[in-house]
Amino acid sequence: MDYAKLKTLYPNLQLSDYPFMDTDTFRIPYKNKWIHIPTESLSDKEWQLLTLLKQESEPATFPVSHSKWAAFLEGKRESPPKTTGNIRMTQLILQKIDTQFDYSIWIDSIAHLFEPVLDIFFVTSDTCLIIQDTSAPEFTDEEMTGILQTLEDDFSVRTHAYLGHFWTADKHLKGVLKEEQTIFQQEVTHLTHQTCSLPDVALRYFTKEATNKSAIMKELKSLIDESSDWRELIHALWNSQGNVSVAAKNLFIHRNTLQYRMDRFQDTTGLSLKNNHELLLCYLLIL
């Protein structure tokens with residue numbers, strides 16, 4: 001594929017390191033990057049030709065989906081497929097896929113483990129989407145981790161999952177699902193567990209831009225970075241919801257030792273980890 005010629009045909013195309021999930025674009029993998037062409041620029045015939053080009057660019061076993069849900073998310077359909085209830089989209093990102101990986105068998109396994117499902121398809125060679133309605137079970141973190149472990153054992157592929165929220169299948173659904181894709185794409189590298197949902201990543205995702213731009217937050221962060229122990233201290237207190245005894249136990253130190261560290265932290269930063277608002281502020285600084 002000649003990128004320069006494609007750029008001449010579609011001057012508004014973009015090249016990025018990662019696939020855009022929150023905009024209506026036709027995506028083509030290109031030399032470990034992604035080409036994005038706005039769907040509004042494409043006729044039906046152009047779409048078909050680019051689909052053939054994409055099939056040549058992807059691994060031979062990559063299943064290009066022709067499902068209605070895939071078309072909806074790609075911007076090819078204005079309205080979501082008809083359904084009787086709210087919709088949930090679960091995202092799976094696969095790591096260390098080798099040439100022996102069988103996408104068809106993987107999809108069959110997903111259909112069995114997550115049943116009932118409305119649709120399963122890949123949007124990139126390593127990102128699988130599962131569409132379900134309210135008849136689907138509400139998985140706990142432990143159950144989801146167990147499912148991922150089963151997949152890992154069967155396919156030797158490490159998988160991270162984002163269990164989506166149930167949303168109304170109305171005119172806002174596409175924007176909501178695309179934002180969920182963007183959230184997971186940006187936050188997956190920061191996960192400490194294999195599974196997550198919106199509450200797990202919302203705090204970091206929705207505050208990071210303002211935090212990164214703030215001179216105040218940068219100054220406070222520099223104070224916290226002066227000691228390697230303070231990040232661990234803040235994490236322990238946050239995870240224990242401010243309970244000093246539980247935090248000390250998780251850190252394998254005496255309660256009085258933890259209290260001493262908290263006092264020293266306050267002397268240096270002017271922030272008290274005993275106060276919930278100040279603890280939240282400190283937690284934002286280490287996300």
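No value in this document is a laboratory result; all are computed from the given coordinates. Everything quoted here is computed from the prediction, not taken from an experiment. Cβ sites come from the backbone with ideal geometry, for glycine too, and all protein chains shown count toward neighbours.
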- Message: I'd like the orientation of helix 173-187 relative to the chain: the angle between its Cα long axis and the longest Cα principal axis, in ° from 0 to 90, rounded to 10.
- Response: 50
- What is the packing order of peptides 232-238, 212-218, 133-139, taking the mean over residues of other C-beta atoms within 10 Å and listing the highest first? 232-238, 133-139, 212-218
- Task: Sort all Cα-Cα distances of the chain into consecutive 10 angstrom bins from zero, then give the percent of pairs in each bin up to the one containing the longest distance.
- Result: 5, 23, 27, 22, 15, 7, 1, 0
- Once Lys and Arg get +1 and Asp and Glu get -1 on their Cβ, which of Trp34, Leu281, Gln241 lies farthest toward the positive end of the dipole of the chain? Leu281
- Query: How would you order 159-170, 254-265, 74-85 from highest to lowest mean count of nearby Cβ atoms within 10 Å?
  - Reply: 159-170, 254-265, 74-85
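When the helix-only estimate is applied to the chain (DSSP H runs of n ≥ 4, each -39,500 (n - 2.57), divided by the residue count), what is the mean residue ellipticity at 222 nm, nearest 500 deg cm²/dmol?
Values: 12 runs with 141 residues, N = 287.
Result for the chain, helices only: -15000 deg cm²/dmol.
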- Would you compute, for the Cα atoms of segment 135-268, the largest minus smallest coordinate along each principal axis and list the three values in descending order, in whole Å? 52, 37, 27
- Query: Pairing the Cα long axis of helix 44-57 with the longest principal axis of the chain, what angle in degrees results, from 0 to 90 and rounded to the nearest 10?
  - Reply: 70
- Karplus-derived HN-Hα couplings along segment 259-268 (A = 6.51, B = -1.76, C = 1.60, θ = phi - 60°), whole Hz, x at Gly and Pro: 4, 4, 5, 5, 5, 5, 4, 5, 4, 7
